[in-house]
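The values are calculated or read from the model by the stated rules, or taken from the named source; none is laboratory data. Just so we're clear, the structure is a prediction, and the values are computed from it rather than from any experiment. We work out accessible area using only protein heavy atoms, side chains counted, and drop any ligands, DNA or RNA first. Shrake-Rupley method; radii C 1.70, N 1.55, O 1.52, S 1.80 Å.
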Amino acid sequence: MDREKPRLGTVQETLLIPLYARAVENRKEHALLRDARAEEIVASIDYDFGRFDDLPSLTGALLRTLLFDRWVTDFLSEHPDGTVVEIGTGLNTRHERVDNGRARWFELDLPDVIALRRTFFTDTPRRTMIAASVTDESWAVEVASRTDGPCLFVAEAVLPYLHEPDVRRVVDLLADRFPGSLLALDTAGPGFFDTQEQHDALSKVDARMHWNCPDPAGLADWRPGIGVLASHTLTSLPGPLLAELPLPYQQMVSAIAAQRLPQAEGYRLNLLHLP
Ligand SMILES: C[S@@+](CC[C@H](N)C(=O)[O-])C[C@H]1O[C@@H](n2cnc3c(N)ncnc32)[C@H](O)[C@@H]1O
């Protein structure tokens, strides 16, 4: 098989980390999630994925994906015809994992990522890829013109790479164009942000985070009416989700929680309600 050499910008390259995490997990007997598609995609991309082998943060990426998947599933149970917008979708396969056969999906990323994504995925009447920066208002205009239902925006491992003024611009853009919507995002606080040079996976690529968010509760002050509906570390996942993990993973999470590592405590997964 001819393997595709990805031509990706610096921050765009980071999409290969969670992709590889899902691909490797798919081969395990007791897996956190199944993603045969990720395994196929990894096999067809010409990239030194071996640099990420056995890195502990691959498990962290999977736990994050599971919680974000759960938030999408919860949203779609309440709004089966709702709209899910994947911001910085990379080569994520959330649609394959949790689509309900009715919802409207938009998958947004920078142009080089969408060009690569189009070699593996195709648009359908319910699923549309958009090539744009999340900070560019044009994509929001397009999505707003094509949907009028409740929206959930999922920004998984994306916003920490932006500078804070740009993150604020994105939150304002979403609140202005899609009032009442939900936004799932991760935040890197000092314990995580300040140690990124030593981070097992980030240190293997050139991209770096720029938004240091010490306390996601403070996001409620960014705009009147923003509500922080949930905020979890990877070691304080919701009980029902934790209880569904294979036992070795439950034990691993408990062991890491007991150490109260600044890196683990500083990284949070959050669900916001926008006014
Ligand atoms: C770590 S990857 C996460 C990919 C995907 N969300 C996942 O979990 O598999 C970060 C992604 O954010 C995208 N990204 C970074 N800055 C962006 C921007 N300004 N607009 C849109 N996407 C952006 C990158 O191109 C990349 O695909």
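Of note:
- The alpha carbons of segment 186-275 stretch over 42, 36, 20 Å along the principal axes, in descending order.
- Accessible surface of segment 12-273, 1.4 Å probe, proportion on carbon and sulfur as whole %: 52 percent
- Tail weight of P(r) past 16 Å, computed on alpha-carbon pairs of segment 5-50, percent: 36 percent
- Accessible surface, the chain, averaged per residue in Å² (probe 1.4 Å): 43 Å²
- Most fluctuating residue given options GLN250, GLN196, GLN12, as computed from a GNM of the chain linking Cα atoms under 10 Å: GLN250
- Rounded to whole Hz, the Karplus (6.51, -1.76, 1.60) HN-Hα couplings of segment 87-98, x for glycine and proline: 8, x, 5, x, 10, 5, 10, 5, 4, 4, 7, 10
- Percentage relative contact order, the chain, counting C-alpha pairs under 8 Å, at least six apart: 19 percent
- In the chain, the alpha-carbon atoms span a convex hull of 124 Å³ per residue.
- Taken over segment 95-194, the alpha-carbon convex hull comes to 126 cubic angstrom per residue.
- Computed from backbone phi, the HN-Hα couplings of segment 128-143 come to 10, 8, 10, 9, 5, 7, 4, 7, 8, 4, 4, 5, 5, 4, 4, 5 Hz, rounded to whole numbers (Karplus: 6.51 cos²θ - 1.76 cosθ + 1.60, θ = phi - 60°; Gly and Pro given as x).
- Take every DSSP beta bridge whose two residues both sit in the chain; close to 40 percent of them are antiparallel.
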